[in-house]
Structure formats: C-alpha cells, structure tokens
Amino acid sequence: MSSYLVNRRGYYHVRIRVPADLTNVIPAVTPMSITTVNKHISRFSTLMKHGIKEGYIKDNPAVGLKIKQKRRPDEERKAYTTDDLKKIADNLPPKEDKPERYWIPLVGMFSGLRLDEACQLSIEDVKEIDGVWCFDVNDSQGKKLKTLSSNRIVPVHPALISLGFLEYVEMMNKQGHPRITRRKQRRQTSTCSIGRSRSTRPFSNSSMSACMSHVKG
C-alpha cells in the first residue's frame, strides 16, 4: 500500500508495507480490542483532518477504517461473578490499617464510580439529599471527570452505610482531610489517585462498573 504526503513545497512519496499476518512477526503481542482500535483510528483521523486543513494532504486515509462492532458495549468486558466479588471483598486490607485500599474498591463496587471519581471525592461530596445519603460526583474544586455527563448524583449503597462508611467520612472530616482519601497523589491527568498500585489495579474503572451487574441491595 502506498500514499502521498503533499505540502506547499511539493510531493513526498511514502510507501507503507504491512505484513498480511502480524502474528508471524510479533506473536507475543496481545491484539487490541475493537473499541481500542477504533479509538486510535479516530485520533489518527483527527490528525489527518488537520493535515487536510493545513494543505499537507488532500484525502483522509482513515475514513472508513473503523471496525464494526459485532457485540454490544456491555458484552465487550466480562463482568465479575458473585463469587469473584465475595473473594475481593474478603481479601481487602483492614480498614483500620489502610482505609483507602479498603473503602475505594467498595465504593466503586457498590456505586459504579470510576477509580478516579472515587479517589477524588471530597468530604462535601458525601451529602444527604431528601433523606438519602448520596455521592455528588462533580468537577468542582479542581476535580476532573471523563465526560460532561459524568456529573451526577449517586446514592450511597446501604451496604456501605452498614459497613461504617459514613462514620469513616466523619472521622476524615474531624481529622481535617479535605477528601475521603488521605493520600492525594497528583498524576499527569490532574486527577486525584492513590497511585493505581498493585492493590487497586484490579478494581480500576471498567472493572468496577462491571461489578454493578452483580451488586444487589
């Protein structure tokens, strides 16, 4: 396959050769999911559109390259089973010793919050609304959310309340902590995290949302 890059000074011939079967070249590489591939194609397409706008190229080679999804989005990721969730909950560190590593996975498990959303919750974000305790997921006070629609109110699950989550939040407030986590590492994305350590990686983002299909009040 070959294509031309064109700028204001002339034409540059670029020849691209891709093996028919990449698994023979790099067999150890795990193939990306269709969703990930389409994200990369979308970003590449945006770059090509800029090239067209600036006069470097005439056509967008990324048009029509997206792969059609054969499964629904909720089928792309395998959800944890009820037994998996019980094993996770039973093996969390003691909440007295490592409260963040105890509460953050449970908050994600019972509420569907993303890891960063749970880590950056402030004390004021845990509030009572019309007699119901809720998480106010918002982007105020320097917090970052994935999308605009991520701003939302999420009820605190009764299981969290029975485990003592509200008492934990009150304790953090009395100790002068602005957030429900004591450790506040700033990553390059400016979101608050506990470092996505080995203990929290299994519970990150999509995994937490997947848990919700098995969590019942």
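The values are calculated or read from the model by the stated rules, or taken from the named source; none is laboratory data. Quick caveat: nothing in here was measured; it's all calculated off a predicted structure. Reconstructed Cβ throughout: ideal geometry from the backbone, glycine too, with neighbour counts over all protein chains shown.
Does residue 36 satisfy the condition of being in a helix (DSSP H, G or I), modelled with pLDDT of 90 or more, surrounded by fewer than 14 Cβ atoms within 10 Å (Cβ to Cβ) and on the phi < 0 side of the Ramachandran plot? For residue 36, the condition - in a helix (DSSP H, G or I), modelled with pLDDT of 90 or more, surrounded by fewer than 14 Cβ atoms within 10 Å (Cβ to Cβ) and on the phi < 0 side of the Ramachandran plot - is not met. Take residue 100 and tell me if it is part of a loop (DSSP other than H, G, I, E, B) and either modelled with pLDDT of 90 or more or closer than 27 Å to residue 159 by Cα (or both). It is false that residue 100 is part of a loop (DSSP other than H, G, I, E, B) and either modelled with pLDDT of 90 or more or closer than 27 Å to residue 159 by Cα (or both). One residue is enough: does region 169-179 have a residue meeting the conditions modelled with pLDDT of 85 or more, in a helix (DSSP H, G or I) and crowded, with 16+ Cβ neighbours inside 10 Å? The answer is yes; a qualifying residue exists.
Checked against (1) within 30 Å of residue 160 (Cα to Cα); (2) out of contact with any Cys (no Cβ under 9 Å at 6 or more places or on another chain); (3) part of a loop (DSSP other than H, G, I, E, B), residue 57 passes all but condition (1). Does residue 93 fit the bill of being of a type outside the set (S, T, N, Q) and either under 20 Å from residue 150 (Cα atoms) or not assigned by TED's automatic domain parsing to the domain that holds residue 170 (or both)? Criteria not met by residue 93.
Each row is one residue, and each column tells you yes or no for (1) buried (at least 17 other Cβ atoms within 10 Å of the Cβ); (2) without any contact (Cβ under 8 Å) to a residue 60 or more places away in the chain; (3) in a loop (DSSP other than H, G, I, E, B).
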residue: 127; (1), (2), (3): no, yes, no
residue: 134; (1), (2), (3): yes, yes, no
residue: 141; (1), (2), (3): no, yes, yes
residue: 145; (1), (2), (3): yes, yes, yes
residue: 149; (1), (2), (3): no, yes, no
residue: 153; (1), (2), (3): no, yes, no
residue: 161; (1), (2), (3): no, yes, no
residue: 167; (1), (2), (3): no, yes, no
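For (1) at pLDDT below 90; (2) of a type outside the set (Gly, Ala, Ser); (3) within 22 Å of residue 175 (Cα to Cα), each residue gets a yes or a no:
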| site | (1), (2), (3) |
| --- | --- |
| 79 | yes, no, no |
| 93 | yes, yes, yes |
| 110 | no, yes, no |
| 124 | no, yes, yes |
| 133 | no, yes, yes |
| 141 | yes, yes, yes |
| 145 | yes, yes, no |
| 148 | yes, yes, no |
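Please state which one of 106, 163, 65, 113 is aliphatic (A, V, I, L, M) and either closer than 30 Å to residue 45 by Cα or in the same structural domain as residue 33 (by TED's automatic domain parsing) (or both). Exactly one residue qualifies, and that residue is 65.
Scanning region 108-138 for residues that are within 17 Å of residue 177 (Cα to Cα) and among the polar types (S, T, N, Q) turns up 120, 122.
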